[in-house]
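What follows is a set of notes on a single structure, which appears directly below.
The values are calculated or read from the model by the stated rules, or taken from the named source; none is laboratory data. Keep in mind that this is a model prediction, so the values were computed, not measured. SASA here: full protein model, heavy atoms, side chains in, ligands and nucleic acids out. Shrake-Rupley method; radii C 1.70, N 1.55, O 1.52, S 1.80 Å.
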Amino acid sequence: MAQKLLLRPFRSIPLKQLSVPLRSPPSSLLSRVPAVSHCTLLCGSLPANAARAAATRTFSTTQVFRDTFNVQDGDDFQDRVLKSQKPVVVDFHAQWCGPCKILGPRLEKMVAKQKGKVLMAKVDIDDHTDLALEYEVSAVPTVLALKNGNVVDKFVGIKDEDQLEAFLKKLIGP
């Protein structure tokens, strides 16, 4: 019974339309194939071309994820932060820190609003104590603003969106 329900959309598609190579499949076929893509592999009722079309997935990222990254180690920090052509905001945080959980997403949102003018590096102080000591982080959250590898501004604790925007504008400059 379940197979009949799953295969019902394919009964109305002519066999010729399914057996043609799907370089640019008709929109009527695309609207039906993803809905039963799991059946394609189990039932084997579709030609291989239709099965490939059903398995095709697209991938995209939002600007937030391209401007924000987690620092993996000291070399990664050196390459992506200190050698960056763009200004970088470095968020020193910890998993157990309540204020960090509030500030982190707020800061990511404000960095995303800058549309690529500034990057954000996230450093977990429990994983990278050497970086925390090097930059004299004594409390979390601590946020540093780096330009050309040099610290130009710093704050400790939570800030509201207006204060974060002013902090970023000062880093980016006119």
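Ignoring ligands, DNA and RNA, please state the percent of accessible area on region 85-174 from carbon and sulfur, probe 1.4 Å. Present the calculation step by step, with values, prior to reporting the outcome.
Numbers: 2360 of 4720 Å².
Heavy-atom surface of region 85-174 belonging to carbon and sulfur, 1.4 Å probe: 50 percent.
Once phi is turned into ³J(HN,Hα) by the Karplus curve 6.51 cos²θ - 1.76 cosθ + 1.60 with θ = phi - 60°, what whole-Hz value does each residue of region 164-174 show in order, with x for glycine and proline?
Couplings: 5, 5, 5, 4, 5, 4, 5, 5, 5, x, x Hz.
Which aspartates and glutamates have a Cα less than 17 Å from the Cα of K122, not counting those fewer than 8 places away in the same chain?
Filter leaves D67, D73, D75, D76, D79, D91, E108, D130, E134, E136, D153.
Under the rule a/c < 1.5 gives rounded, and otherwise a/b versus b/c splits prolate from oblate, where does region 59-138 land using the Cα gyration tensor? Please list the in-between numbers first.
On the way: a/c = 1.86, a/b = 1.25, b/c = 1.48.
Since a/c reaches 1.5 but b/c is at least a/b, the shape of region 59-138 is classed as oblate.
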